[in-house]
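**Q** Pasting a structure here, questions to come.
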Amino acid sequence: MRSMTRVAVRDLNIMADIGINPEEIGRRQPLIVSATMLVDPVEDDAIDATVDYRRVAAAAAELGEQRIALIETFARRLATRCLLLGPVREATVQIDKPRALAAGLASVTVTLTRETWAQEDRETQEMAWQHP
């Protein structure tokens with residue numbers, strides 16, 4: 001196995017129209033978003049040799065503008081977007097929803113690899129960039 005570089009963006013605070021309960025629909029709620037991406041070892045001292053953190057943060061913010069019912073869907077769409085950011089071989093996205101439970105924290109983690117992602121329907125992958 002060859003070496004890899006792990007690039008992470010952690011604890012982004014994103015306001016999103018997310019949830020399945022009637023009182024959640026149309027109301028923006030906080031999400032805490034983290035993404036970890038595996039890329040080939042960075043040999044060039046240039047941003048295009050790795051992942052630009054700003055693009056990951058922007059993708060998460062754009063998803064926050066969409067109406068998405070499930071944090072699982074949000075995580076999968078962001079992981080898909082991460083795989084489209086150049087040299088990313090694997091993307092793991094964790095979404096925490098602090099207000100989902102009265103006495104705890106709801107969380108989901110999704111991992112996509114370029115290999116498994118490539119086997120899925122391309123139309124579904126492209127939908128990750130589209131607004132409903």
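**Q** Relative to the first principal axis of the alpha-carbon coordinates of the chain, what is the inclination of helix 71-83, with its axis defined by its Cα atoms, in degrees from 0 to 90 and to the nearest 10?
**A** 20 degrees
**Q** Mind jotting down the distance between the C-alpha centroids of segment 78-108 and segment 1-45, whole Å?
**A** 5 Å
**Q** Over the chain, calculate the relative contact order: mean separation of alpha carbon pairs under 8 Å at least 6 apart, over the residue count, as a percent.
**A** 25 percent
**Q** Taking amide hydrogens as modeled 1.01 Å from N in the peptide plane, which residues meet the under 5 Å criterion relative to Ala16, leaving out close sequence neighbours?
**A** Residues meeting the criterion, in which the H sits 1.01 Å from N, are Gln29, Leu31.
**Q** With a probe of 1.4 Å, find how much accessible area the chain has per residue, and write the answer as a whole number in Å².
**A** Accessible area per residue: 58 Å².
**Q** Counting only protein heavy atoms and a 1.4 Å probe, tell me what percentage of the chain's accessible area is made up of carbon and sulfur.
**A** Answer for the chain: carbon and sulfur cover 51 percent of the accessible area.
**Q** Which one of Gly26, Ala8, Ala57 is farthest out on the positive end of the charge dipole of the chain, using unit charges on Cβ (Lys, Arg +1; Asp, Glu -1) and the Cα centre as origin?
**A** Of Gly26, Ala8, Ala57, it is Gly26.
**Q** Determine, from the Cβ-Cβ distance of Leu84 and Glu23 and an R0 of 41 Å, the FRET efficiency 1/(1 + (r/R0)^6), rounded to the nearest 0.05.
**A** The pair Leu84/Glu23 has a calculated efficiency of 0.75.
**Q** Under a point-charge model restricted to the Cβ atoms of Lys and Arg (+1) and Asp and Glu (-1), what is the dipole moment magnitude of segment 3-51 relative to its Cα centre, in debye to the nearest 20?
**A** 340 debye
**Q** Would you kindly derive the ³J(HN,Hα) couplings of segment 52-63 from the backbone phi angles with the Karplus curve 6.51 cos²θ - 1.76 cosθ + 1.60 (θ = phi - 60°), listing them in order in whole Hz, with x for Gly and Pro?
**A** Karplus values, whole Hz, x for Gly and Pro: 7, 3, 4, 5, 5, 4, 5, 5, 5, 5, 4, 5.
**Q** Rounded to the nearest 0.05, what FRET efficiency is calculated for Glu115 and Thr5 with R0 set to 25 Å and r the Cβ-Cβ distance?
**A** 0.90
**Q** Once the Cα gyration tensor of segment 55-113 is found, what semi-axes does its equivalent ellipsoid get, as square roots of 5 times the eigenvalues, in whole Å, sorted largest first?
**A** 22, 13, 8
**Q** In Å and from the alpha-carbon atoms only, list the Rg and Dmax of the chain.
**A** So, for the chain, Rg and Dmax equal 15.2, 50 Å respectively.
**Q** What does the C-alpha gyration tensor say about the overall shape of segment 1-76? Classify as rounded when a/c is under 1.5, otherwise prolate if a/b is larger than b/c, or oblate.
**A** It is prolate, given that a/c is not under 1.5 and a/b is the larger ratio.
The values are calculated or read from the model by the stated rules, or taken from the named source; none is laboratory data. Predicted, not measured: the structure shown is a model, and the values here were computed from it. In this analysis, Cβ positions are derived from the backbone assuming ideal geometry, glycine residues included, and neighbour counts consider all displayed protein chains. These area figures cover heavy atoms from the full protein model, side chains too; ligands, DNA and RNA do not enter into them. Shrake-Rupley method; radii C 1.70, N 1.55, O 1.52, S 1.80 Å.
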